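> Have a look at this one.
The values are calculated or read from the model by the stated rules, or taken from the named source; none is laboratory data. Only a predicted model underlies this, so the values are computations on that prediction, with no experimental measurement involved. All Cβ positions, even for glycine, are placed from backbone atoms using ideal geometry, and neighbour counts span all protein chains on display. In case anyone asks, the SASA skips ligands and DNA or RNA and just uses the protein heavy atoms, side chains included. Shrake-Rupley method; radii C 1.70, N 1.55, O 1.52, S 1.80 Å.
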Amino acid sequence: MAPSLGDTEELVGFSTVAITTDSSVAAQIILTAAGGSSLVISEVFPSWPQEPSGQQYYVGGYFEIHNNSDSTVALARKLFMDVWDGYLTSPNRPNGCSIFAAIEHDPQNVWAQHLYRFPDGARVLLPGETALLATDGIDHRPFGRAGFFDLRIAAVEFPGSSDVDNPLVPNMIDLSPRPLEADGHGWRFRGGRQYWAIASDLKTDSLTRWTDAVFGTVLTRIPVGALLDLVRFNFDEPRTPGFSLCTSAITDNVDPADAVYLKVEDTLAIHRRVARTLPNGRVVYQRSHNSAADWIAGKATPGVIP
């Protein structure tokens, strides 16, 4: 049987029942949650809002990661990654879907394009607490209006070779074989289909790597059982005639469907649905392993838990 994401939510409980011939006898078995999945991605702001000049602003994006369990969880040494989502066909590459076929549709593994580790001093999250990961952990509001946020509250930021570094916000550790550099910035959102995941600590030096023969893209194999959470997302953008996406690179046991809600210029975020609110006010997020069901679009709310 193919594995599902690690650290999954399950129900536990037991009861002793005496079986009799009297069919009218009923027994109640109470099942209780075993704590649930620990870390989930709870909010994503992947949009590219416009500056007053009309230029798109690429570096104000963020993720929020939430402790969905009833136990304390340390972020230190956990992994964050872009998961390979699949390629496309085009007039110049009608066989584009075959380029990455060797590593796709594997129920046991996913493949990371860009891979980061939380630093040793990263936050420890109490039950119900959230940490914000920013492309740049600075105050972005002076650069525009809607969609520009003060991200100095970030728990970590992604480093780049020449971007603004907030010395008060720890940097993620880049483990990517080919680090992402965009205008001197490190990791940031891109358009199109994107998959993101967090995973437990792994000895990344011993993980298998694969390089495609066409583009030289280096991917790192991540066992599905190590994944704590994964989001499939696809911007609601029209495709250029002659271009079409290949099927998703991951299998249904990981996540069967994309969430599709936004255009790249929107100033909205995507939010994980709330499953329930506990009597003490703590939110527990839905985690069905189906991004199309788990996510909705809404106003960006960095640092705010519903």
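> The stretch 98-134 to the stretch 183-242: how many Å between their Cα centroids?
8 Å
> Determine one quarter of the surface area of the Cα convex hull of the chain, which equals its mean projected area, and express it in nm² to one decimal.
Result: a mean projected hull area of 20.1 nm².
> For the chain, what is the accessible area per residue in Å², given a 1.4 Å probe and the full set of protein chains?
Per residue, the chain has 47 Å² of solvent-accessible surface.
> For the stretch 146-289, take the alpha-carbon Rg, divide it by the Kirkwood Rh, and send me Rg/Rh.
Rg divided by Rh gives 0.96.
> Of the residues T277, T72, T220, which exhibits the maximal mean-square fluctuation in a Gaussian network model of the chain defined by a 10 Å Cα contact cut-off?
T277
> What net charge do the residues around L268 carry, taking every other residue with its C-beta under 13 Å from that of L268, with Lys and Arg at +1 and Asp and Glu at -1?
Computed value for this residue: -2.
> If the label point is 7 Å along Cα→Cβ of V164, which residues in the stretch 55-69 have backbone nitrogen under 14 Å from it?
Output list for this probe position: 57-61.
> Still on this structure, I have one more. Can you tell me the FRET efficiency between A146 and R239 if r is taken as the Cβ-Cβ distance and R0 is 30 Å, rounded to the nearest 0.05?
The calculated FRET efficiency here is 0.65.
> Hand me the chymotrypsin sites (Phe, Trp or Tyr not before Pro) from the stretch 169-234 located in a DSSP loop with no more than 11 other Cβ atoms within 10 Å, in residue order please.
Hits after loop and neighbour filter: F215.
> Under 12 Å from a point 7 Å along the Cα-to-Cβ line of R178: which residues of the stretch 203-240 have their amide N that close?
Answer for this model: 210-220.
> Averaging sequence separations of C-alpha pairs under 8 Å and six or more residues apart, then dividing by the length of the stretch 222-306, give the relative contact order as a whole percent.
30 percent
> Where does the stretch 107-209 land on Rg(C-alpha)/(2.2 N^0.38 Å)?
Cα-based Rg divided by the globular estimate yields 1.17.
> Within the accessible area of the chain, what % is carbon and sulfur when the probe is 1.4 Å and the other protein chains stay in place?
Of all accessible area on the chain, carbon and sulfur atoms account for 53 percent.
> Then there is this: Report the label-to-label distance for D205 and N290 in nanometres (one decimal), using points 7 Å from each Cα along the Cα→Cβ vector.
4.3 nm
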